[in-house]
1. Let me spell it out: the conditions are (1) farther than 17 Å from residue A:100 by Cα; (2) more than 10 Å from every other protein chain (Cβ to nearest Cβ); (3) out of contact with any Cys (no Cβ under 7 Å at 6 or more places or on another chain), and residue B:89 meets all of them except one. Which number is the exception?
2. Considering only segment A:61-68, I want to know if a residue exists there that is modelled with pLDDT under 95, aliphatic (A, V, I, L, M) and closer than 18 Å to residue A:18 by Cβ.
3. Only strands (runs of 3 or more DSSP E) wholly contained in segment A:20-104 count here; list those with 3 or more residues that are within 14 Å of chain B (Cβ to nearest Cβ) and either within 29 Å of residue B:51 (Cα to Cα) or of a type in the set (Val, Ile, Thr) (or both).
4. All but one of (1) surrounded by fewer than 18 Cβ atoms within 10 Å (Cβ to Cβ); (2) of a type outside the set (S, T, N, Q); (3) over 24 Å from residue A:2 (Cβ atoms); (4) free of Cβ contacts under 8 Å to residues at least 24 places away in the same chain hold for residue A:51; state the number of the condition that does not hold.
5. Sort through B:95, B:43 and tell me the only one that's at positive phi and of a type outside the set (A, V, I, L, M).
6. Pick from segment A:78-92 the residues that are under 13 Å from residue A:6 (Cα atoms) and either surrounded by 21 or more Cβ atoms within 10 Å (Cβ to Cβ) or among the charged types (D, E, K, R) (or both): which of them is farthest from the chain's Cα centre (by Cα)?
7. For residues in segment B:85-113 being farther than 26 Å from residue B:2 by Cα and part of a loop (DSSP other than H, G, I, E, B), which is nearest to the chain's Cα centre (by Cα)?
8. Determine whether segment B:56-63 contains at least one residue that is within 21 Å of residue A:42 (Cα to Cα) and surrounded by 13 or more Cβ atoms within 10 Å (Cβ to Cβ).
Amino acid sequence: NAGVTQTPKFRILKIGQSMTLQCTQDMNHNYMYWYRQDPGMGLKLIYYSVGAGITDKGEVPNGYNVSRSTTEDFPLRLELAAPSQTSVYFCASRMTGRYGYTFGSGTRLTVV
Amino acid sequence: AQTVTQSQPEMSVQEAETVTLSCTYDTSESDYYLFWYKQPPSRQMILVIRQEAYKQQNATENRFSVNFQKAAKSFSLKISDSQLGDAAMYFCAYRSDDNDMRFGAGTRLTVKP
């Protein structure tokens, strides 16, 4: 049981480049989330999904896009990378109900 | 909007001693869930303990326990018999019903040998 798998673990992008952060979970969780964690800070919600085909914006969605074509996958797309997007990105999932999140191991992204 | 406040950016404790990390939250909901997550240097987010607001009894997980004061909207974490492996960032988090989770800014815990 792999849980939540994020790839890549590290990435350096140049300003203006694009990339997709991958997130896959094998627990059949309906809810999936993308958070970013800036240095010394808590986590801020970028996008979330309550099920396949349904996505919605969180607190800091600008500069990002998501899709949820299957229950398992929830990729995060960065278009035209900017230095302000330098951060650690976490994907998480949970079941319906009182449960907490299961987190992936994070992706450290640097935009130079 | 729900907010979570951790007023202690850093805390330190002597090995084998007890430390309490503070957390307050703001909500108008009556039913919700509260969590403490640990983030070691590996950056993995690890669930430490969970509390459901409708339960009066404070949650306990081995050396970790909470003091949940619903009226005061307070949710502190007590770590007993602190170990070197407890050194990490600790995040308090709030979630109501089917909404997303809100996190505090974190408390960095140092354990001194």
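The values are calculated or read from the model by the stated rules, or taken from the named source; none is laboratory data. Treat the numbers as computed from the prediction; the structure is a model and nothing was measured. Ideal geometry is used to build each Cβ from the backbone, glycine not excepted, and the neighbour counts take in all protein chains shown.
1. (2)
2. No; the residues of segment A:61-68 include none that is modelled with pLDDT under 95, aliphatic (A, V, I, L, M) and closer than 18 Å to residue A:18 by Cβ.
3. A:31-37, A:43-51, A:54-57, A:87-94
4. The number of the failed condition is (3).
5. Values: B:95 fails: at positive phi.
Being at positive phi and of a type outside the set (A, V, I, L, M) holds for just one of B:95, B:43, which is B:43.
6. Taking the candidates together, the pick is A:92.
7. Checked segment B:85-113; the qualifying residue nearest to the chain's Cα centre (by Cα) is B:87.
8. No, every residue in segment B:56-63 fails to be within 21 Å of residue A:42 (Cα to Cα) and surrounded by 13 or more Cβ atoms within 10 Å (Cβ to Cβ).
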